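Presented below is the structure to which this report refers.
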Amino acid sequence: MKHPLLTFALPVAALALLGGCATPAYVSPVEVTRFVDQAGTSLGQGTIRVVAAPGLDSASVEYGIYADAVRAELQQLGYRVVTQEADQVAQVSLEQMVTAADGRRGTGVGVGGGASTGTYGSGVGVGVGVDLTRLLSGRPAERIERQMAVSIRSASGVRNLWEGRASMTASANSDYGASPAAAARMADALFSGFPGQSGETISVE
């Protein structure tokens, strides 16, 4: 399996230590819930533009990683992804939280965007910083909880034709501890079998 590029640099000596004392990695299934409007007959065709949810920094690196993953999936579904005027609009919202080994939340998190609002409530776009000392000490690594929501609507309307939410948790020392791999996995699960059964929650390994 191709491993994602890490978002931080590790010295060679640190890499050697990781192999000897890193704790077991943890990756949860991706939980996916989707809602399909009865008027959503035009899904999967025409042009579509990906935008950030209100309050989310569209210029942040973190948002860009998830937006690119969503664009890739939309193209596979048959959409032509554009950056200007489009038939439909896909709005992306993100929420991330790091949980320490002792259960405390909020450690190692740097905010990269403001609050965003949408069908699933409010969220915060963040940049996750991994505590390297925990990885090197053999203590349990932090777990990163991620949630991505995407809503698709007609560019000329306000009613959503489709909404989906994907969530997963992975330890910082796992293959999905870095955002690029996590974003690709979540987007793939979210759009698997698109548009899906409305209201159904599925678990994707």
Going through segment 161-180 in order, the residues found to be out of contact with any Leu (no Cβ under 8 Å at 6 or more places or on another chain) and either surrounded by fewer than 21 Cβ atoms within 10 Å (Cβ to Cβ) or among the β-branched types (Val, Ile, Thr) (or both) are 167, 169, 174, 175
_Would you confirm, using the coordinates I've provided, whether residue 79 is under 15 Å from residue 182 (Cα atoms) and either at pLDDT 95 or above or among the basic types (Lys, Arg) (or both)?_
no
Condition set hydroxyl-bearing (Ser, Thr, Tyr) and part of a loop (DSSP other than H, G, I, E, B), scope segment 51-77, selection farthest from residue 149 (Cα to Cα): answer is 60
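For segment 23-47, what are the residues that are part of a strand (DSSP E or B) and within 19 Å of the chain's Cα centre (by Cα)? Give the steps one after another, and end with the answer.
Pass one, segment 23-47, residues part of a strand (DSSP E or B): 27, 30-36, 47.
Result: 27, 30, 31, 32, 33, 34, 35.
With respect to residue 110, is the statement that it is farther than 24 Å from residue 192 by Cβ, at pLDDT below 90, under 17 Å from the mean Cα position of the chain (by Cα) and not basic (Lys, Arg) true?
On the way: farther than 24 Å from residue 192 by Cβ: yes; at pLDDT below 90: yes; under 17 Å from the mean Cα position of the chain (by Cα): yes; not basic (Lys, Arg): yes.
For residue 110, the condition - farther than 24 Å from residue 192 by Cβ, at pLDDT below 90, under 17 Å from the mean Cα position of the chain (by Cα) and not basic (Lys, Arg) - is met.
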All-but-one check, residue 158 against (1) touching a residue at least 24 places away in the same chain (Cβ under 8 Å); (2) closer than 20 Å to residue 43 by Cα; (3) of a type in the set (A, V, I, L, M), failing number (1)
With the first residue restricted to segment 163-176 and required to be closer than 30 Å to residue 39 by Cα, and the second required to be among the polar types (S, T, N, Q), Cβ contacts under 6 Å at 6 or more apart or on different chains are 163/119; 163/151; 165/33; 167/147; 168/28
Of (1) in contact with a strand residue (DSSP E or B) (Cβ under 7 Å, 6 or more places away or on another chain); (2) without any contact (Cβ under 8 Å) to a residue 24 or more places away in the chain, residue 83 satisfies every one except (2)
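The values are calculated or read from the model by the stated rules, or taken from the named source; none is laboratory data. Treat the numbers as computed from the prediction; the structure is a model and nothing was measured. Using ideal geometry, Cβ is built from the backbone for each residue, glycine included, and neighbour counts are taken over all protein chains shown.
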